[in-house]
Structures are given as C-alpha cells and as structure tokens.
Amino acid sequence: MHLEVVADDAALGRVGADRILQARADGALHVLGVATGGTPASTYRELARRSDGRLKDVRLAALDEYVGLPAEHPGSYTSFVRRNIAEPLGIAPEHVAVPRAAAHDLEAAAALFEQQLRDAGGVDLQILGIGANGHIGFNEPGSQADSRTRAVTLAERTRQDNARFFDSPDDVPREALTQGIGTILEARRILLLASGPRKADALARAMEQPPSADCPASWLQRHPDVLVVADQAAAAAL
Ligand code: GLP
C-alpha cells in the first residue's frame, strides 16, 4: 500500500480528483467504483468543478446500500450517488449500478449486482473510505477476505457514526447490502481516502497490522495497487 499524506480535507479532494482525472486521461478508467459518506465529498466536489464533461461516459458502481430505505430516500446511497456524483458529472442513470437493497430477495439482488459488475468489465478504480472500526463498504469487523456481495448487519458504532445523515439515530437502518471484501479486491486499482482524527487508529491498523477480519480494511494489503491518501490528522498514528 502506498501512502500520500496531505495537509487537510481540501487537499485530499484535490489529490483524489487528480488521480481520477489522470486515470481517465490515461484511458484506464471506464468503471469508477464510488464510496459514499463524508470523506470523498471533497473529491466529488472537485470533480464536479474540474471534470468538464470528461467523465460523462464513465460507468459508476456503488459499494453498498441500506436495506429498508426506498431508493428515493435522501439518506439512501442511491440518492447520494445520483446527487453528488452522477448528476454533477453528467452521467446517465442507466450507467449507475447500486446494489438493489429494496428488493425482496436480497440474495438474488446481490447476485445480480455481481453480474452487473462483471458485465461492465469490472471496476477500474475503486474509491474507498474507512470506518472508524476499520470497515470498508459495509464490511464490518469479522468480514473475511473472500466475502462477496451480501446482506450484512451494521455495527452499532457504524450506525451512530452515520446518524448525522438521518433525522434521528433511530432512523439509521440496521442492515445493508454491500460488496464483499473479495469483490472489492477485484478492482484493478484502489484509492483509499481518510480524513480527520477519528480515522487515525483504523488507518494505522489497516496499514500496519497483519491482515485480519478484525480490521477489514487490512485485507487491502493483499491488493497490488492501493494508494492511500490521508490528511495529517488521519495519518497521525502511522
Ligand atoms: C459508511 C460507508 C463507507 C464509508 C464509511 C465512512 O459506513 N458505507 O463506504 O467509507 O461510512 O464514512 P465517512 O467518510 O462519512 O466517515
């Protein structure tokens, strides 16, 4: 895993956007895997400001979606991806894949999503954030390296951390459909973004401890092409 430390969240956004636009300029970006949450927001804002139509033909694949929220709910990841990425970049709705967690049969929805990834030719560049407990996507502690897209139960800490995106903490769903670790590791390149002091411990465990299910992000050590871009606060324990 390579590490680049930047000053702050604004610099994180500039570097994140640089990497994505460079991959596109190199002809190496047809499918962009997108994370949700607060961390990549500065990167998406920079892309919206600078991409100038260059990403409009890229396909988007989301990491995860809450179970039990209608796709139109403002807190759903379907809404997040549409509002913050697809619409600002001019990407058509039919080029956006999000796990269909509103489906009755979650196992079938998971299999369909994996098929969509394969049909699109796989993810060229996967953007990731990291949870304070070391989760990636919604792969909570206990997630194994060979896990695939599946329904999972959210850790209480994750629900609390994500409560800021909902009217009330009780509104945060308890389950999600997430790409597995094995699914994520199939992306050709990975860009992990981390910002703020709350991520320092998880980032140090991810990069410095032997890979294990205790810190799912540590499985990324097994991938040959991971760039971690962290601000100084998130890199403080490295
Ligand atoms: C959520 C998402 C993750 C994201 C994480 C960190 O749980 N499922 O993909 O990386 O939160 O979010 P934030 O960047 O808001 O700290």
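Quick look at the numbers
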{"read-out": "Computed FRET value (nearest 0.05) for residue 52 with residue 214, which takes r as the C-beta separation and R₀ as 35 Å", "value": "0.20"}
{"read-out": "For the stretch 176-181, Karplus couplings with θ = phi - 60° (6.51, -1.76, 1.60), whole Hz, Gly/Pro x", "value": "8, 10, 10, 4, x, 5"}
{"read-out": "Amide hydrogen neighbours beyond the local backbone of residue 126, cut-off 5 Å, H modeled", "value": "33, 189, 190, 191"}
{"read-out": "Among 99, 20, 190 the positive-end extreme of the charge dipole of the chain (Cβ point charges)", "value": "20"}
{"read-out": "Inter-probe distance in nm under a simple model that places probes 7 Å from Cα toward Cβ, at residue 103 and residue 71", "value": "1.2 nm"}
{"read-out": "Efficiency of FRET from Cβ geometry, residue 83 and residue 148, R₀ 25 Å, rounded to 0.05", "value": "0.35"}
{"read-out": "Value at 222 nm in deg cm²/dmol, rounded to 500, when DSSP H runs of n ≥ 4 in the chain each add -39,500 (n - 2.57)", "value": "-8000 deg cm²/dmol"}
{"read-out": "Cα gyration tensor shape of the stretch 2-231, rounded if a/c is under 1.5, else prolate or oblate by comparing a/b with b/c", "value": "rounded"}
{"read-out": "The stretch 150-238: C-alpha gyration tensor shape, a/c 1.5 cut-off, then a/b vs b/c", "value": "oblate"}
{"read-out": "Under 13 Å, Cβ to Cβ, from residue 143 - net charge with Lys/Arg +1 and Asp/Glu -1", "value": "-2"}
{"read-out": "Summed residue charge, Cβ within 12 Å of residue 218's Cβ, Lys/Arg positive, Asp/Glu negative", "value": "0"}
{"read-out": "Amide H partners (placed H, <5 Å) of residue 3, local residues excluded", "value": "228"}
{"read-out": "Ordering of 39-49, 97-107 by packing [mean C-beta count within 10 Å, highest first]", "value": "39-49, 97-107"}
{"read-out": "Interchain or long-range residues, amide H under 5 Å from residue 147's placed H", "value": "181, 182"}
{"read-out": "Alpha carbon centroid spacing (whole Å) that separates the stretch 191-238 from the stretch 1-70", "value": "18 Å"}
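Bear in mind these aren't lab numbers, they're just calculated from the coordinates by the rules spelled out. Bear in mind the structure is a predicted one, so any value in this text is a computation, not a measurement. Neighbour counts are summed over all protein chains in view; Cβ atoms, including those assigned to glycine, are modelled from backbone coordinates with ideal geometry.
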